[in-house]
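Visitor: Okay, here's the structure, questions in a sec.
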Amino acid sequence: MKVVGLMSGTSGDGVDAALVDIRRQKSGLRVQLVAFHPLPYPRSLQQRILSASVSGTVSELCHLNALLGEWFANAALSVIRTAKLHPKDIDLIGSHGQTVHHLPHGIKDAGVGAIRSTLQIAEPAVIAERTGITTVADFRPRDIAAGGQGAPLTPGVHALLFRHPRRARLIVNLGGISNVTYLPRGSGFGGLVAFDTGPANMVLDGLMSRNTNARVSMDREGRLAARGRVDGRLLAKLLAHPYLSQVPPKSTGREAFGAKMLDDLLTMQQAQQLAIEDLLATCSRWTAEAVGTARRWISGGIDEVIVGGGGVRNRAIMAHLADVFTPVPVSTFESHGWDSKALESVAFAVLAYQTAMEQCGNVPVVTGATHPTLLGCIVPNRPGWIKRLRSPKRRR
């Protein structure tokens, strides 16, 4: 079955589209990346998304939901063209959408207790209409309704792609937020541990944008951070952030490491008269140390650390990770046959496939849900879609 996965992370820098071929085998699912296409947002759209995540009006969120549906649809059509295929060749789209708010701990409300919530936009009806392909979206709310945090959802796919019979692996994703998946030796989900560890590209990109009045959006390849010096006093303050000592299951986002965190960092930068290089170096080390805290909640050993996500191209973070985990070897997704940037979009293609096949996609021990559950809402392309999708020819 050919499935397109669509993903935009908390950095809000664009849509990643992966076209994958998924086949059921006796040993489980075989997942092969056919094509990958990133579709960057214009800087102005990225800023609108980030602003809406903090103080967006109902009108702005309503408009952005439809607008991003168009962008996600274009990303899907682009990756199909990259593969030299046609929309009629594709069975399914799985869209994560664009997270604009994530409240996994809940807000108390009269008579109903703590209400936990999450909101991803990029209207799936628009995606299905523009592409003519059945679209699965809104994966996170069902896990939250089942008592979970709605995140992370990729660990099950990490287990499918990276579990090793003789090596215990820590899979690290460096997106806007960093997250880890611990895979003990063996097969299946036994012993799997996964959670968000905290800050990553979101903080670093925000600091670059603020320090350059939005002229520069990122420290490309970590060049400035690599030239800087880690400030011990600031690092100690950052490592005392309460999220780092919070016991899993746990997930986080822009609410904890967004605008207010940037305000605090810039205030400390000014008070300590830190150069931007030193501030970036310190926050790069913070990212690596936050990932290192994962070992507090892992009972087994780690034979190797495998890193993916956009942050894998940041030389400063990768050097700090190698130092934090010494003598355990640190490698990248590429060295194991996967594109670092593509894997999260691959994951949502797999999750869409599981939903269409009536297979539960969440891992309750990871999210805190009370039970496994089907994820997402389905927007069919036309009547009879499910019969066609499950025909022996399409399942192969």
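Visitor: Do the conditions hold for Leu85, that is, is it aliphatic (A, V, I, L, M) and under 21 Å from the mean Cα position of the chain (by Cα)? Let's see the steps before the verdict.
Guide: On the way: aliphatic (A, V, I, L, M): yes; under 21 Å from the mean Cα position of the chain (by Cα): no.
Spelling it out, it is not the case that Leu85 is aliphatic (A, V, I, L, M) and under 21 Å from the mean Cα position of the chain (by Cα).
Visitor: Assuming Ser331 fulfils every condition listed in (1) farther than 14 Å from Val157 by Cβ; (2) of a type in the set (Ser, Thr, Tyr); (3) not assigned by TED's automatic domain parsing to the domain that holds Pro248 apart from one, which condition is it?
Guide: It is condition (3) that Ser331 fails.
Visitor: Being buried (at least 18 other Cβ atoms within 10 Å of the Cβ) and assigned to a loop (DSSP other than H, G, I, E, B) is the filter here, so list the residues in the stretch 340-359 that pass it. Lay out the reasoning, then the answer.
Guide: First pass over the stretch 340-359, keeping only residues buried (at least 18 other Cβ atoms within 10 Å of the Cβ): 340-356.
Within the stretch 340-359, Ser340, Lys341, Ala342 qualify.
Visitor: Here's another thing I want to ask about it. What about Gln46, is it modelled with pLDDT of 95 or more and within 20 Å of Ala256 (Cα to Cα)?
Guide: Values: modelled with pLDDT of 95 or more: no; within 20 Å of Ala256 (Cα to Cα): yes.
For Gln46, the condition - modelled with pLDDT of 95 or more and within 20 Å of Ala256 (Cα to Cα) - is not met.
Visitor: Shifting gears a bit: In the stretch 13-30, which residues are farther than 13 Å from Phe72 by Cβ and either in a loop (DSSP other than H, G, I, E, B) or of a type outside the set (A, V, I, L, M) (or both)?
Guide: Once the filter is applied, which keeps residues that are farther than 13 Å from Phe72 by Cβ and either in a loop (DSSP other than H, G, I, E, B) or of a type outside the set (A, V, I, L, M) (or both), the stretch 13-30 yields Asp13, Asp21, Arg23, Arg24, Gln25, Lys26, Ser27, Gly28, Arg30.
Visitor: Can I ask one more? Test of understanding: among Pro184, Pro141, which residue is of a type outside the set (A, V, I, L, M) and either loosely packed, with under 14 Cβ neighbours inside 10 Å or in contact (Cβ under 8 Å) with a residue 40 or more places away in the chain (or both)?
Guide: On the way: Pro141 fails: either loosely packed, with under 14 Cβ neighbours inside 10 Å or in contact (Cβ under 8 Å) with a residue 40 or more places away in the chain (or both).
The match here is Pro184.
The rows are residues; the columns are (1) at pLDDT 95 or above; (2) out of contact with any helix residue (DSSP H, G or I) (no Cβ under 9 Å at 6 or more places or on another chain); (3) on the phi < 0 side of the Ramachandran plot.
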{"residue": "Gly5", "(1), (2), (3)": "yes, no, yes"}
{"residue": "Val15", "(1), (2), (3)": "yes, no, yes"}
{"residue": "Gly28", "(1), (2), (3)": "no, no, no"}
{"residue": "Leu50", "(1), (2), (3)": "no, no, yes"}
{"residue": "Thr57", "(1), (2), (3)": "yes, yes, yes"}
{"residue": "Leu67", "(1), (2), (3)": "yes, no, yes"}
{"residue": "Ser78", "(1), (2), (3)": "yes, yes, yes"}
{"residue": "Ala83", "(1), (2), (3)": "yes, no, yes"}
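Visitor: Scanning the stretch 228-257 for residues that are more than 23 Å from Asp278 (Cβ to Cβ) and hydrophobic (A, V, I, L, M, F, W, C), which turns out modelled with the highest pLDDT?
Guide: Val247
Visitor: Considering only residues of the stretch 314-335 that are among the hydroxyl-bearing types (Ser, Thr, Tyr) and outside any loop (DSSP other than H, G, I, E, B), which is surrounded by the fewest Cβ atoms within 10 Å (Cβ to Cβ)?
Guide: Selected residue: Ser335.
Visitor: Looking at (1) farther than 16 Å from Ser345 by Cβ; (2) in contact (Cβ under 8 Å) with a residue 24 or more places away in the chain, find the lone condition where Lys84 falls short.
Guide: Result: Lys84 fails condition (2) only.
Visitor: When the residues of the stretch 327-357 are filtered to those that are among the polar types (S, T, N, Q) and under 17 Å from Val180 (Cβ atoms), which remaining residue is farthest from the chain's Cα centre (by Cα)? Walk me through it before giving the result.
Guide: Step one: of the stretch 327-357, the residues among the polar types (S, T, N, Q) are 331-332, 335, 340, 345, 354-355.
Now restrict to residues that are under 17 Å from Val180 (Cβ atoms): 331-332, 340.
Numbers: Ser331: 19, Thr332: 16, Ser340: 12 Å.
Filtering first and then ranking leaves Ser331.
Visitor: Let me ask something else. Residues to consider are Gly311, Gly258, Gly300; find the one that is in contact (Cβ under 8 Å) with a residue 40 or more places away in the chain and either among the acidic types (Asp, Glu) or crowded, with 22+ Cβ neighbours inside 10 Å (or both).
Guide: Values: Gly258 fails: either among the acidic types (Asp, Glu) or crowded, with 22+ Cβ neighbours inside 10 Å (or both); Gly300 fails: either among the acidic types (Asp, Glu) or crowded, with 22+ Cβ neighbours inside 10 Å (or both).
Just a single option satisfies the conditions, and that option is Gly311.
Visitor: Just one of (1) surrounded by fewer than 24 Cβ atoms within 10 Å (Cβ to Cβ); (2) assigned by TED's automatic domain parsing to the domain that holds Val366; (3) not in a strand (DSSP E or B) trips up Arg167, so point out which.
Guide: Result: Arg167 passes all but (2).
Visitor: Enumerate the pairs (first residue in the stretch 317-335 and modelled with pLDDT of 95 or more; second residue anywhere and among the basic types (Lys, Arg)) with beta-carbon separation below 6 Å, excluding pairs fewer than 6 apart on the same chain, so at least 6 apart or on different chains.
Guide: Pairs found: His320/Arg285.
The values are calculated or read from the model by the stated rules, or taken from the named source; none is laboratory data. Computed from a predicted structure; not experimentally measured. Counting neighbours? That spans all protein chains shown, and the Cβs are built from the backbone with ideal geometry, glycine included.
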